[in-house]
Amino acid sequence: MKTFWAVLSTVLMMATCYSQIKQSLRTESGLVSGVPGRDPSITAFKGIPYAEPPVRNLRWVEPRPPRQWEGVRKADHFSDGCIQNFPKGDFPKSEDCLYLNVWTPAKDKAALPVMVYIHGGGLRVGSAREALYDGEELAKKGIVVVTLNYRLGILGFFAHPELTKESPYHTSGNYGLLDQNAALQWVHRNIAAFGGDPNKVTIFGQSGGAFSVTSQVVSPLSKGLFRAAIVESGGVGAGFARTELLSLEDGEKAGVKFADSVGAHSLADLRAMPAEKMLSDGSAESNVDGRFFPASPVTLLNEGKQNKVAMIVGSNSDEGQHLFRSPVPAGEYAEQARKMYGADADKFLSLYPNDSEEASKASQQRMFADRMALGEQNLAASMTSIGSNVYLYYFDYLDEGGYNSEPPTLGLRLGADHGAELPYVFGLMSHWRASVPDQDLKLQNIVMQYWTNFAKDVDPNGKGLPAWEVFKGLHSPIMIVDKNPSMRPHPRAGQVEFLRTHGVK
């Protein structure tokens, strides 16, 4: 009996030691210690620096690797979000914000697939610390999950002639996208220490994060850093995402105008200025800088110069529920249609009726979502043309208790809102509702399996799941994600095709 207890004691001690070792890992910059997740099988590492703080003379400089540290760095809390003008953001914000977070299955030594999430917010707002992006539930599916901050707004996308002159690459702007790239490079070099396989990285993002994902797909700087991408409602050219970016020259002109508006006469003045003084300007945009973007993203896609990666891409049925804010009156709507479409105006008005003010508003809101679907279809076709396997979806599940409980902007709830899929992707429906209907939990499980199967095998299909076929062309069936997911024709194929054939972007 004494022998039994001695053996048991040794086993328990070894298990404890293994857990402690797993919670203290070596990165290229030093040791980090994590914290147990809500589920003890998961260890979370929060607030790991992937670049030097972009402050003072490093404001508007490409990200540099973090400095070495001594001892063990406690990665037990989220970093500040990047500084931004976001009245709803109730989290601390700072220029010192280039940190990432890792969730890993704590006792799994295998080289696991990695999913890196890039948050949305139009490149102006947002943070990796938001509860909506908690990676623990995905990690429980056998995935190492990474979320990251990147510079936003004027601090992330400011171009200026003086910045271009001092750059060894003779370019400026796109610092936020370069931050994302630096985080992906960090993952490539360090994720094995967390149990991840650097050769099995999938990047995914929604809205501005989807634009960011597509940007990484087309940038030569990101070649080889990931093998798959998931683009949720916002790929290049999708709806509100810009089809053509500013030229570097136009970006610089906008930068000079901004500097004049805040009374800065030199780059030194701009770098000495408190960041808070610059937050009123949210107009900074990415540009075709010749480095991150050798040409516009749409041009790179059309010419087949993007990185060849597998892709899931799609949009939601009511993207404009909160984003579309400026309908025109029904009479003006019909007049505009006749000016734009001439002999085809009646066809347009049959697809987008304006029989009443309410019908006109609904049509305009639906067209916002249709433009998004059109852009995602075009992206799918571009990726397919270079031999990538692409899986196209349309999320059309309406639940009344999702994460966005705000009333619709125009009072119309016509389908699944922009971002409605996110709680299903991250497995967080119970975070937003005290009691989750069985149907919601069932769909959450299906969506999580699709996304994590794709990260594991670059194929979303798996045992017990509705079959999801590879995208075969603009008019082929796609995965309709509703209460009974299945391959079907796009429910708004006629509207989307009309927009396509009439050059609507």
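The values are calculated or read from the model by the stated rules, or taken from the named source; none is laboratory data. Here the structure is a predicted model, which is why all the values come from computation and not from measurement. So basically every Cβ, Gly included, is an ideal-geometry build from the backbone, and we count neighbours across all protein chains shown.
All of L100, L132, L123 fail the test of being of a type in the set (A, V, I, L, M), touching a residue at least 12 places away in the same chain (Cβ under 8 Å) and under 18 Å from R64 (Cα atoms), apart from L100. The set of residues in region 422-446 being closer than 15 Å to N484 by Cα and buried (at least 24 other Cβ atoms within 10 Å of the Cβ) consists of Y424 alone.
The requirement of being closer than 23 Å to N190 by Cβ, modelled with pLDDT of 95 or more, touching an Asp or Glu at 6+ places or on another chain (Cβ under 7 Å) and in a loop (DSSP other than H, G, I, E, B) is fulfilled nowhere in region 120-136; no residue meets it. Determine whether region 169-181 contains at least one residue that is over 20 Å from A254 (Cβ atoms), touching a residue at least 40 places away in the same chain (Cβ under 8 Å) and not charged (D, E, K, R). Within region 169-181 (the criterion being over 20 Å from A254 (Cβ atoms), touching a residue at least 40 places away in the same chain (Cβ under 8 Å) and not charged (D, E, K, R)), the answer is yes, since at least one residue qualifies.
Just so you know, in region 257-272 the residues that are surrounded by fewer than 15 Cβ atoms within 10 Å (Cβ to Cβ) and of a type in the set (A, V, I, L, M) include one that is farthest from A295 (Cα to Cα), and it is A272.
Taking the criterion of being part of a helix (DSSP H, G or I) and under 18 Å from the mean Cα position of the chain (by Cα), the only residue of region 273-297 that qualifies is P297. Where helices (runs of 4 or more DSSP H) fall wholly inside region 158-234, the ranges with 1 or more residues that are touching a strand residue (DSSP E or B) at 6+ places or on another chain (Cβ under 6 Å) and at pLDDT 95 or above are 175-190, 208-218.
Scanning region 374-383 turns up at least one residue that is buried (at least 20 other Cβ atoms within 10 Å of the Cβ), of a type in the set (D, E) and over 22 Å from E137 (Cβ atoms). Residues being assigned to a helix (DSSP H, G or I) and in contact with a Phe, Trp or Tyr (Cβ under 7 Å, 6 or more places away or on another chain) are represented in region 328-339 by at least one member.
Scanning region 48-106 for residues that are crowded, with 16+ Cβ neighbours inside 10 Å, assigned to a strand (DSSP E or B) and among the polar types (S, T, N, Q) gives N101, T104. The lone criterion from (1) in contact with a helix residue (DSSP H, G or I) (Cβ under 6 Å, 6 or more places away or on another chain); (2) buried (at least 18 other Cβ atoms within 10 Å of the Cβ); (3) at pLDDT 95 or above left unmet by A310 is number (1). Only one of the numbered conditions (1) within 20 Å of S207 (Cβ to Cβ); (2) surrounded by fewer than 20 Cβ atoms within 10 Å (Cβ to Cβ); (3) modelled with pLDDT of 95 or more; (4) not aromatic (F, W, Y) is not met by S326, and that is (3).
Does region 351-397 hold any residues that are hydroxyl-bearing (S, T, Y) and over 19 Å from the mean Cα position of the chain (by Cα), and which are they?
Filtering region 351-397 down to residues hydroxyl-bearing (S, T, Y) leaves 352, 356, 360, 363, 382, 384-385, 388, 391, 393-394, 397.
Result: Y352, S356, S360, S363, S382, T384, S385, S388, Y397.
Considered as a group, the residues in region 475-490 that are charged (D, E, K, R) and in a loop (DSSP other than H, G, I, E, B) include one that is surrounded by the most Cβ atoms within 10 Å (Cβ to Cβ), and that residue is D482.
Regarding A264, is this residue part of a loop (DSSP other than H, G, I, E, B), aliphatic (A, V, I, L, M) and without any contact (Cβ under 8 Å) to a residue 24 or more places away in the chain? Yes: the conditions hold for A264. When region 491-505 is limited to residues that are of a type in the set (D, E, K, R) and part of a loop (DSSP other than H, G, I, E, B), the one that is surrounded by the most Cβ atoms within 10 Å (Cβ to Cβ) turns out to be R492.
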